[in-house]
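**Student:** My structure is below; once you've seen it, I'll send some questions.
All of the numbers you see were taken from the coordinates with simple rules; none came from a lab. Bear in mind the structure is a predicted one, so any value in this text is a computation, not a measurement. Here the Cβ is made from the backbone with ideal geometry for all residues, glycine too, and neighbour counts use every protein chain on show.
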Amino acid sequence: MSSRIPPSDSIHRTLLKPFRLASILVAAALFVSLGFLAYTAWSSANRLDPLERHLTHLQGLQKTSLGIQELLIRHLEDKAQAEPGEFAELSAGLEQLLEAGDNLHPDTPDSLRRARDLLDSGGGDSQASLLSALQVIRHALSEENDLQRQAVMSTRRSAETEFAVAAVAMLLVPLSTMLLLAYIRHRSFRSIGMLSNLLDNVGNLDFRTMDEVAADDPLAGVFERYNQMTAKLREANDAASQRAENLENQVRTASETLLRQQSELENGARLAALGEFSARVAHELRNPISGITVALRNLETEIEEPEHVERVALIADEMDRVTRLLNSLLEKAPGKPETPVRVNMTALVGDVARLFRYQLPPGVAVETDVEDAFCMLPRDTVRQVLINLLKNSGEAIGGDAGVIGVEMKRTGNTCRLVVSDSGPGYPDDLLKQGVRPFQTGKTSGTGLGMSVIQRLVQSVGGGIDLSRGPNGGAVTTVTLPFED
């Protein structure tokens, strides 16, 4: 019964095959290099061995020549014949050189035999025999020295040639190995490179499939499973894109609804600000109008002409109506302050910032730096204040590119909200005189926006401060009391 090899084992062997082959090639290259070096060393040793023996041969010839010279010098000084034993010692030395046979010149053995014969027959005239033998040995020594120099030069040339060959081999073997490894890498890693490129495409959300896969490709099974995976990923990506588009449409619709509701709330706040302003005006006007009314009634009793009395009575009646109108304005109770609730500052600011981004041009960015903490705050009031400030910053920047910054952190028992922008900043009159109703620097403004913000902040016991940033933009700082 045959067992099927798991795909992971096949891939494992495929990935390890180039490394095994590379290891074998490196080992073979090292073996060849070391074998060549060993052969070179062996060859050099074999060439040096005969040179060493011939050097010993030359030393023997030199020793015999010196012995003959010393014998000649001694007997020339004594003017006596040499003893037969002295000739026998020199002849024995020549006989040893003949037996060793380490000469290089082919005529050297004959020369040594001739010198030996001269020494053996030197009984009659020893000096003549010694001189003749010395001449023969010197001639042989000269020929051997010449051949020795030639042999040394030949050995040197052979060593230089072997060194050059070794150097070339040391260069060619690694180079050949590298070229072979490059070829193997091209053949073995081509599939792996293709797979790597395909995986890079997946990382870049490019789920293209591999059209053609060779049947003998070692990763054919992997490519087939890759095509199946990319098909499923492409379907999942299309579905996710569709869901994201639907969610974006839902968020956009909800945001538009919230913005519309916020606009309605803002209009209500403006009307409330107008009501508060009207109440203040009514309060200030009621006293002087009451005085005028009393004066008119007194004047009515003092005037005697009926026509003038009727006119004064009509004016007094109108002033009474105005007084009743002012009283009706003052009798309306002000709105109650909002009850604080436990809110997360990061979530609060994040929701408003995300909501308001739909109203901003593409070139305007909102950057937030909010402390992630919980505290008791009037949530709707803070949202309304933040929306109005963001709206003012967006209108100040206009169609240009810019940045709106929102910072919200706790300091002691107060919460500090800072909204800054890269617009032109607040006008000097507003910074000097403070927020006043109907005071605006916009051509189409009503002057109630900052007044509404100030009223909302003050209704919960907070304060507001206007200033300019380091780069000239508007900076609005709102401080709100909170409870832990």
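**Student:** If r is the Cβ-Cβ distance from GLU407 to ARG468 and R0 is 22 Å, what FRET efficiency results, to the nearest 0.05?
**Tutor:** 0.85
**Student:** Here's a follow-up. If you plug each phi of the range 224-238 into the Karplus form 6.51 cos²θ - 1.76 cosθ + 1.60 with θ = phi - 60°, what whole-Hz ³J(HN,Hα) values come out, in order, with x for Gly and Pro?
**Tutor:** For the range 224-238, the Karplus curve yields 5, 5, 5, 4, 5, 5, 5, 5, 5, 5, 5, 5, 5, 5, 5 Hz.
**Student:** In whole Hz and in residue order, list the ³J(HN,Hα) couplings for the range 48-56 that follow from phi through the Karplus curve 6.51 cos²θ - 1.76 cosθ + 1.60, θ = phi - 60°; x for Gly and Pro.
**Tutor:** For the range 48-56, the Karplus curve yields 6, 5, x, 5, 5, 5, 5, 5, 5 Hz.
**Student:** So, one more: Can you work out ³J(HN,Hα) from phi for every residue in the range 343-353, in order, using Karplus 6.51 cos²θ - 1.76 cosθ + 1.60 and θ = phi - 60°, giving whole Hz and x for Gly and Pro?
**Tutor:** After applying 6.51 cos²θ - 1.76 cosθ + 1.60, I find 10, 9, 5, 4, 5, 4, 5, x, 5, 5, 5 Hz.
**Student:** A follow-up question, please. Based on other C-beta atoms within 10 Å, arrange GLU89, GLU371 from fewest to most.
**Tutor:** With the sparsest Cβ surroundings first, the list reads GLU89, GLU371.
**Student:** Of GLU483, GLU310, how do they rank once you tally other Cβ atoms within 10 Å and put the fewest first?
**Tutor:** GLU483, GLU310
**Student:** Which order, highest average first, do 92-103, 418-429 follow once you tally other Cβ atoms within 10 Å for each residue and take the mean per peptide?
**Tutor:** 418-429, 92-103
**Student:** Per 0.36 nm of contour for each residue apart, how much would the distance between SER121 and LEU180 grow if the chain were fully extended, relative to their Cα-Cα spacing?
**Tutor:** Additional length available on full extension: 13.7 nm.
**Student:** I've got another one for you. Using modelled backbone amide H atoms (1.01 Å from N, in-plane), which distant-in-sequence or interchain residues come within less than 5 Å of TYR426's amide H?
**Tutor:** So TYR426 has HN proximity to ALA474, VAL475.
**Student:** Sticking with this structure for a sec: Sort 455-462, 156-163 by the packing proxy (mean of other Cβ within 10 Å over each peptide's residues), most packed first.
**Tutor:** With the highest mean Cβ count within 10 Å placed first, the list reads 455-462, 156-163.
**Student:** Quick check: residue separation of GLU224 and ARG53 times 0.36 nm, minus the Cα distance between them. What number comes out in nm?
**Tutor:** This chain segment gains 54.1 nm when fully extended.
**Student:** Taking the Cβ of each residue in ILE464, ILE303, ILE404 as the centre, tally the other Cβ atoms inside 10 Å and list the residues starting with the fewest.
**Tutor:** Final ranking by Cβ density, sparse to dense: ILE303, ILE464, ILE404.
**Student:** In nm, to one decimal, how far is the modelled label at MET170 from the one at VAL281, with both set 7 Å along Cα→Cβ?
**Tutor:** Taking the simple label geometry, MET170 and VAL281 are separated by 10.5 nm.
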